[in-house]
1. Could you tell me whether residue B:31 is at pLDDT below 95 and either out of contact with any Lys or Arg (no Cβ under 6 Å at 6 or more places or on another chain) or within 9 Å of another protein chain (Cβ to nearest Cβ) (or both)?
2. Please work out which residue is farthest from residue A:34 (Cα to Cα), limiting yourself to region B:27-42 and to residues that are touching a strand residue (DSSP E or B) at 6+ places or on another chain (Cβ under 9 Å) and assigned to a loop (DSSP other than H, G, I, E, B).
3. Quick check, is residue B:58 away from every other protein chain (no Cβ under 12 Å), touching a strand residue (DSSP E or B) at 6+ places or on another chain (Cβ under 9 Å), among the hydrophobic types (A, V, I, L, M, F, W, C) and within 26 Å of residue A:11 (Cα to Cα)?
4. If we keep just the residues of region A:35-53 that are within 17 Å of the chain's Cα centre (by Cα) and aliphatic (A, V, I, L, M), which is farthest from residue B:42 (Cα to Cα)?
5. Can you tell me which condition residue B:5 does not meet? The list is (1) surrounded by fewer than 19 Cβ atoms within 10 Å (Cβ to Cβ); (2) modelled with pLDDT of 95 or more, and all the others hold.
6. Quickly run through region B:61-76 and pick out the residues that are hydroxyl-bearing (Ser, Thr, Tyr) and either surrounded by 14 or more Cβ atoms within 10 Å (Cβ to Cβ) or within 11 Å of another protein chain (Cβ to nearest Cβ) (or both).
7. Quick one: which of A:20, A:3, A:24, A:56 is more than 15 Å from the chain's Cα centre (by Cα), closer than 21 Å to residue B:32 by Cβ and not in a loop (DSSP other than H, G, I, E, B)?
8. Quick one: which of A:40, A:19 is surrounded by 13 or more Cβ atoms within 10 Å (Cβ to Cβ), more than 22 Å from residue B:17 (Cβ to Cβ) and not hydrophobic (A, V, I, L, M, F, W, C)?
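The values are calculated or read from the model by the stated rules, or taken from the named source; none is laboratory data. For clarity, every value in this text was computed on a predicted model and none was experimentally measured. Quick reminder, even Gly has a Cβ in these numbers, built from the backbone with ideal geometry, and neighbours come from all protein chains shown.
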Number of protein chains: 2
Amino acid sequence: MKARITITLKNGVLDPQGKAIEGALSSLGFPGVSNVRQGKYIELDIEGGDAQAAEAAVNDMCDKLLANTVIENYSVKVS
Amino acid sequence: MKARITITLKNGVLDPQGKAIEGALSSLGFPGVSNVRQGKYIELDIEGGDAQAAEAAVNDMCDKLLANTVIENYSVKVS
């Protein structure tokens, strides 16, 4: 099964990378862009045919390794 | 409108970061995980009420700044 994980900074956590992108877009001539936030996206294949078990395992991976849950949120989609 | 952009490495492009995650997951005791690929996720707000125009603008941003289209694919969702 394929798992798609999106990891984003929590609201209120400063995102200097997002700010840099916002500034660059503005100087490239894209007006009206705001609230740019950069996060991570991870795809992985996981063995087994049970979507619920796979999702639980991936949530566990996020808690233990992939996301820093102090400052980041994550969402998992298994298909 | 909110745009969500996912940027991933093209197939065939080596992903050492994904390999490192795969190794770390395996040593943490998560078996059966393979093909780990890490990409980027960017969220931004864009002014205007026309979803098609917004999507075209965001595609343009990806081509010009956000993605390296030689080695990366991107997908855009506007809502």
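1. So residue B:31 passes the test.
2. Checked region B:27-42; the qualifying residue farthest from residue A:34 (Cα to Cα) is B:32.
3. Spelling it out, it is not the case that residue B:58 is away from every other protein chain (no Cβ under 12 Å), touching a strand residue (DSSP E or B) at 6+ places or on another chain (Cβ under 9 Å), among the hydrophobic types (A, V, I, L, M, F, W, C) and within 26 Å of residue A:11 (Cα to Cα).
4. A:44
5. (1)
6. Of everything in region B:61-76, those that are hydroxyl-bearing (Ser, Thr, Tyr) and either surrounded by 14 or more Cβ atoms within 10 Å (Cβ to Cβ) or within 11 Å of another protein chain (Cβ to nearest Cβ) (or both) turn out to be B:74, B:75.
7. A:56
8. Exactly one residue qualifies, and that residue is A:19.
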